[in-house]
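Enquirer: Take a look at the following structure, please.
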Amino acid sequence: MQTANEFMAQAARETKLSDFGDDSFKEGLEILLGALESEAALNRAGEGLFEQRILGALKNRLHVEDWYRRHPEIDSEIIVAPLIGISLPRTGSTALSFLLAQDPNARSLRSYESAQPCPPPAMVTGPDPRIQHLNNDETRPKGAKRHVPSAATGPAECQELMALDFKSQLFLAFAQIPTYAQWLLTADLTTTYAYERRVLKLLQWRSPTSPWRLKAPTHLLYLDHLDKVFPDARFVMTHRDPTDVLLSVIYLFDDYTSKLSDHADPHYTAELNINMWKIGIERAMAFRANGNEHRFFDIDFTAMQQQPIAEVTALYQWLDCPVSHEFETGMQNWWHHNAANRERNPKPDPSHYQFDADQVRPLFAEYIQKTQQWLSQ
């Protein structure tokens, strides 16, 4: 695999651009490449995926900076009070994001924009070729659809925008790279969120100003950093039994990494996720307890499954925003369509991952107790 400088040079050649903006991304890129080289044991498919993803992120940075160079007024755009989903994965947060995306008066980060932010949407006339390109993208692992709802024009997590600073869990889902994983737990993501904000400004430029609806489970780990960049953000958190969550997300990670390496270790995948999400929950509880409880709205997974429209309506009452007839109809249509077309997931075998729910559950005992308190308020 190429070095960081070689990747950057290739990106510059292919775009005929040279300004990558702030160089905060270089540390993560170097650590990622070192871990991929020494730890990941990628097969040919894995090497190809990472080469394209790394090159793609660098080219996206070049294009973002070029738009800012030609239109410095973009920086005057204002991002006001985004609503950010920060739940554990596999808690219904993706379905919630699709429901919120039906609001005609709000703005989600769409998948094709996340994958390729430039040109900004307001500058595109006619069908956007990025939509078809995303549908045909060979760097996206096959089988992802059955894990969560997905669509090129549907809402995306913040992971790919975070990857522009090379500080993203996205890379952990595709390769077993413990050095990068450990570094990511202690990294300062302030620059990551600052660059995400930079891209969001570009995406809303010359478009009607609407409140953003964003999400990524990884935000649990970095709320102090996120808060520095989005100090007026409000948060929605969905809740589910952590042992159900963890086994499901471990299976998801394993499904990806086992396709991209011939030596993937399912036990490593289990340990990675148990530790990462334990730390994430601890940090989120600490952030909430530090004077931020009023910024959170909590939703129970079971309640969301049974009464999705009612839960979103309650969320919007908390936001002091109306639920229009168009919004409600859109949510009902999406929910019924998704239910009719949902792909069944195989039931993971806990023994394959040496996963013992009775040993894992006590690690989240305080969170489980807090959840009951939050949901009863």
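Enquirer: Considering only Cα-Cα distances, which of the following residue pairs are longer than 26 Å: Lys167/Lys347; Lys16/Lys215; Lys59/Lys215; Lys26/Lys278; Lys167/Lys228?
Expert: Lys167/Lys347; Lys16/Lys215; Lys26/Lys278
Enquirer: Shifting gears a bit: Points 7 angstrom from Cα along the Cβ direction at Arg361 and Ser38: gap in nanometres?
Expert: Modelled inter-label distance: 4.0 nm.
Enquirer: Next question. If you restrict to DSSP beta bridges whose two residues both lie in the chain, what percentage is antiparallel, to the nearest 5?
Expert: Beta bridges within the chain, antiparallel portion: roughly 15 percent.
Enquirer: In the range 34-56, whose amide N lies under 19 Å from the spot 7 Å out along Cα-to-Cβ of Val124? List them in ranges.
Expert: Of the residues in the range 34-56, 56 have backbone N under 19 Å from the label point off Val124.
Enquirer: For the range 1-129, with every protein chain kept in place, what is the accessible area per residue (1.4 Å probe, Å²)?
Expert: Computed with neighbouring chains in place, this is 42 Å² per residue.
Enquirer: Here is a further query. Grab the other residues whose beta carbon is less than 14 angstrom from that of Leu375, score K and R as +1, D and E as -1, and report the net.
Expert: Taking every Cβ under 14 Å from that of Leu375, the sum is -2.
Enquirer: Hey, what number do you get for the chain at 222 nm if only DSSP H runs of n ≥ 4 count, each worth -39500 (n - 2.57), divided across all residues, to the nearest 500?
Expert: Value at 222 nm, helices only: -16500 deg cm²/dmol.
Enquirer: Among Tyr251, Tyr68, Tyr112, whose mean-square fluctuation peaks in a Gaussian network model of the chain (Cα, cutoff 10 Å)?
Expert: Highest fluctuation among the options: Tyr68.
Enquirer: Between Asp349 and Asp224, 0.36 nm times their residue separation minus their Cα-Cα distance comes to what?
Expert: 41.4 nm
Enquirer: Turning to a different aspect of this structure: Using a 10 Å cut-off on Cβ atoms, rank the peptides 45-57, 86-98 from the highest mean neighbour count down.
Expert: Details: 45-57: 18.7, 86-98: 23.8.
Averaged packing, sorted descending, gives the order 86-98, 45-57.
Enquirer: While we're on this one: So what is the relative contact order for the chain, in percent, with contacts set as C-alpha pairs under 8 Å and at least six apart?
Expert: About 25 percent, as a whole number.
Enquirer: Can you give me the accessible area per residue for the range 178-264, using a 1.4 Å probe, in Å²? Mind showing how you got there, number by number?
Expert: Numbers: 2850 Å² over 87 residues.
Here the per-residue accessible area is 33 Å².
Enquirer: Ranked highest first by the average count of other Cβ atoms within 10 Å around their residues, in what order do 254-266, 234-246 fall? The partial results should precede the final answer.
Expert: Numbers: 254-266: 19.0, 234-246: 21.5.
The packing order, highest mean first, is 234-246, 254-266.
Enquirer: Hey, with R₀ at 22 Å, roughly what FRET efficiency would Glu47 and Glu14 work out to, going by the Cβ-Cβ distance, to 0.05?
Expert: Values: r = 19 Å, r/R0 = 0.84.
Efficiency, rounded to the nearest 0.05: 0.75.
Enquirer: Let me ask you something else. Within the range 318-350, find all residues whose amide N lies under 16 Å from a label point positioned 7 Å from the Cα of Asn105 along Cα-to-beta-carbon.
Expert: Only 318-331 fall inside the zone, counting backbone N under 16 Å.
Enquirer: Hey, rough spin-label estimate for Ala194 and Gln305, points 7 angstrom out along Cα→Cβ, what's it come to in nanometres?
Expert: 4.3
Enquirer: Another one. State the Kirkwood hydrodynamic radius of the range 1-148 in Å, one decimal place, computed from all pairs of distinct Cα atoms. Spell out each step's value before the answer.
Expert: Details: mean 1/r = 0.0555 Å⁻¹.
Computed over Cα pairs of the range 1-148, the Kirkwood hydrodynamic radius comes out at 18.0 Å.
Enquirer: Taking loop as defined by DSSP and a crowding limit of 11 other beta carbons within 10 Å, which chymotrypsin sites (Phe, Trp or Tyr not before Pro) in the range 277-314 fit?
Expert: Taking the range 277-314 and a limit of 11 other Cβ atoms within 10 Å, no loop chymotrypsin sites (Phe, Trp or Tyr not before Pro) are found.
Enquirer: So between Asp75 and Leu319, what do we pick up on full extension, going 0.36 nm a residue minus the alpha carbon distance?
Expert: 85.2 nm
Enquirer: Sticking with this structure for a sec: Taking the structure as given and computing log10 I(q)/I(0) by the Debye sum over Cα atoms at q = 0.07, 0.15 Å⁻¹, which label from [x] -0.39, -1.37; [y] -0.26, -1.33; [z] -0.30, -1.57 fits?
Expert: It is the one labelled [z].
The values are calculated or read from the model by the stated rules, or taken from the named source; none is laboratory data. Everything numeric here is computed off the predicted structure, so don't read it as measured data. All Cβ positions, glycine included, derive from the backbone under ideal geometry; neighbour counts span all protein chains shown. Accessible surface areas use protein heavy atoms only, side chains included; no ligands, DNA or RNA. Shrake-Rupley method; radii C 1.70, N 1.55, O 1.52, S 1.80 Å.
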